[in-house]
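A short write-up of the structure that comes next.
The values are calculated or read from the model by the stated rules, or taken from the named source; none is laboratory data. Because the structure is predicted, anything quoted here is derived from the model rather than measured. Glycine also receives a Cβ, built like all others from the backbone with ideal geometry; neighbour counts cover every protein chain displayed. For accessibility, only protein heavy atoms count, side chains too; no ligands or nucleic acids. Shrake-Rupley method; radii C 1.70, N 1.55, O 1.52, S 1.80 Å.
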Amino acid sequence: MSCGACRWKAGTRVGHLLLGLGLVMVLSAGLAASPVAEPVSEVRIADGRGDWGHPNPYLHYPRGPGYIRMSWVFDTLIWKDEHGFRPALASSWTYDPEALAFVFELEPEARWHDGKPLTAADVAFTIELFQEHPYFWIGIDDVSHAEVLGPHRVAIHLRQPYAPFLADIAGTMPIMPEHIWRGIDDPNRFTAPEAFIGSGPYRFLDFNPVQGSYLYEAFADYYLGEPRAKRLIYLRVGQPMAALRNGEVDLATVRPEMVEPLQRQGFEIIQDERGWNKKLMINHRKAPFDDRRFRLALAHAIDRQEIIDRAQRGQGRPASLGLLSPDHELYSPDTPNHPHDPEHALELLQELGYARGSDGFLQKDGKPLRIELLVSNITAGGQTAADRDGEVIKAQLERIGIRTDLVNLEQGSTDTRVRDWNFDLAVSGHGGISGDARILNEMISSAHGAGSVNSARFDTHEELNALLEQQLRAMDPEDRRAIVARIQHLHAEELPAIPLYYPDSFAAFDPAKGVRWFFTPGGIAKGIPIPQNKVSLFP
């Protein structure tokens, strides 16, 4: 075992900058993995959607599963395991507050998949590349430049203090090979085979968007040792429980009702923290949604517990209206809640001039109030699962007189309409809410989340947007805690979007494979709540 592999095994925790680490539950099963796991020929992972784009930074779909597909191929400077940050391409790092610089010592044995050495020049080039051609998953506006200090030593200089640096950049930014990407004019159109040469534990071999399958093979010269599975395969699967039982896949996200039957058959079950939320997106750029009182009326009209009980069979917990998960270390318990109160909702609407017509529905100045609600079958980790969220919300809104047209769409179509502001209300969802608090910036401000299909892009509230910027600069933990608490309070008061609930999120895997999968506390990279951490593929 190489020294790098020892580092994976040791699980040394390195200090972090305000990373929310919550409880991740492991439910023991009837079988246990062997203490010394033998290499296996392949590991198969189920996915309900299948197509998450090609696995490089410019071609993957802008949701967590797309990033995960890419992460097998491209490594970052640091990574996370069950205990926090750990070395990856960087064996160690320090921060110099006076110079506003992070200095990284790189792993000298790191190689690209074509055999060329990975050096500090590649890290410096990556900063250049993403400054010229932004990668939507990270924000490097606060990075000034990178300085090569030696073949395996590099400093990344900041323009100003940046509290989320380790989570948002060092632990999320894929390092790119200069010898391949230098001179590429349009990275979004670069699809040649060399566009998928990285330094990660697996080489990318094939992606079939029609079948929704991915094929990777282990990189024998990986600097942390060869991964346990020779091949890694993703398969689009409609019935994960059946696929697990018949041996078609080894890991799958499963519904809560599948947990006990699979446990009895020897599968190991893991449960995530509250790292993913179902959310009601609101087009606050158009009337009547641009009035805070109307958005508040929606919040009081919606019974989040009823959605959980009727649409999710009781398997979930109401979400905080401040957006951050209660499992986040910066969560504020004083965040306003706005409980279900249809009478108050109706009072607010009456203040806005609405009154019930002869048909029982609201109207104003003789014009009926009629809204459109977009829904799609998305759940934790970007998976597809049929639910009745839209039906329940429609019924709740119509009880107070808001006529609601329910429109079912494929998730990509919903995302496109939300991104283009071509909607009234839309039920969507995202993770990251137990990762670094920068998620608040991404999900509220267009300055940081314009590339996200989940961002409210709510730029009109001066105090809220000023605080979002301040929390990025607050290197003192307690200062940042106070700022983030106020952000949560304002989000709950202004309601640019309405967090609905956290679905209970489970995955099941076959321990006989000798791979112990886990949900990463705080999520993979910047907060992805998917149990496919590449650490699992190492002893």
Mind listing whichever residues of segment 97-141 are of a type in the set (Val, Ile, Thr) and either assigned to a loop (DSSP other than H, G, I, E, B) or over 25 Å from the mean Cα position of the chain (by Cα) (or both)? 103, 119, 138, 140
List pairs: first residue in segment 352-374 and under 25 Å from residue 421 (Cβ atoms), second residue of a type outside the set (Gly, Ala, Ser) and open to solvent by 90 Å² or more (accessible area, probe 1.4 Å) anywhere in the structure, Cβ distance under 7 angstrom, at least six positions apart or on different chains. 352/293; 362/356
Taking residue 114, is it open to solvent by less than 20 Å² (accessible area, probe 1.4 Å) and modelled with pLDDT of 95 or more? no
All positions within segment 433-459 that are part of a loop (DSSP other than H, G, I, E, B), touching a residue at least 60 places away in the same chain (Cβ under 8 Å) and out of contact with any strand residue (DSSP E or B) (no Cβ under 7 Å at 6 or more places or on another chain): 434, 435, 436, 437, 451, 452, 453, 458
I'd like to check something: does segment 202-210 contain any residue that is surrounded by 22 or more Cβ atoms within 10 Å (Cβ to Cβ) and touching a Leu at 6+ places or on another chain (Cβ under 7 Å)? yes
Taking segment 340-359 and keeping residues farther than 18 Å from residue 393 by Cβ and assigned to a loop (DSSP other than H, G, I, E, B) leaves 352, 353, 354, 357, 358, 359
Go through segment 61-91 and report how many residues are under 23 Å from residue 178 (Cα atoms) and open to solvent by 10 Å² or more (accessible area, probe 1.4 Å). 2
Residue 395 being at pLDDT 90 or above, surrounded by fewer than 21 Cβ atoms within 10 Å (Cβ to Cβ) and either touching a Ser or Thr at 6+ places or on another chain (Cβ under 7 Å) or closer than 24 Å to residue 308 by Cα (or both): yes
Determine which member of the set 295, 274 is within 27 Å of residue 331 (Cβ to Cβ), more than 24 Å from the chain's Cα centre (by Cα) and open to solvent by less than 70 Å² (accessible area, probe 1.4 Å). 295
Restricted to segment 211-228 and to residues being more than 26 Å from residue 108 (Cβ to Cβ) and part of a strand (DSSP E or B), the residue least open to solvent (accessible area, probe 1.4 Å) is 214
Within the set of pairs 6 or more residues apart or between chains, which connect a residue that is within 12 Å of residue 513 (Cβ to Cβ) inside segment 239-251 to a residue that is in a helix (DSSP H, G or I) and open to solvent by less than 40 Å² (accessible area, probe 1.4 Å) with Cβ atoms less than 6 Å apart? 249/243
Considering segment 468-478 alone, what residues qualify as being open to solvent by 30 Å² or more (accessible area, probe 1.4 Å) and either under 22 Å from the mean Cα position of the chain (by Cα) or closer than 18 Å to residue 322 by Cβ (or both)? 469, 470
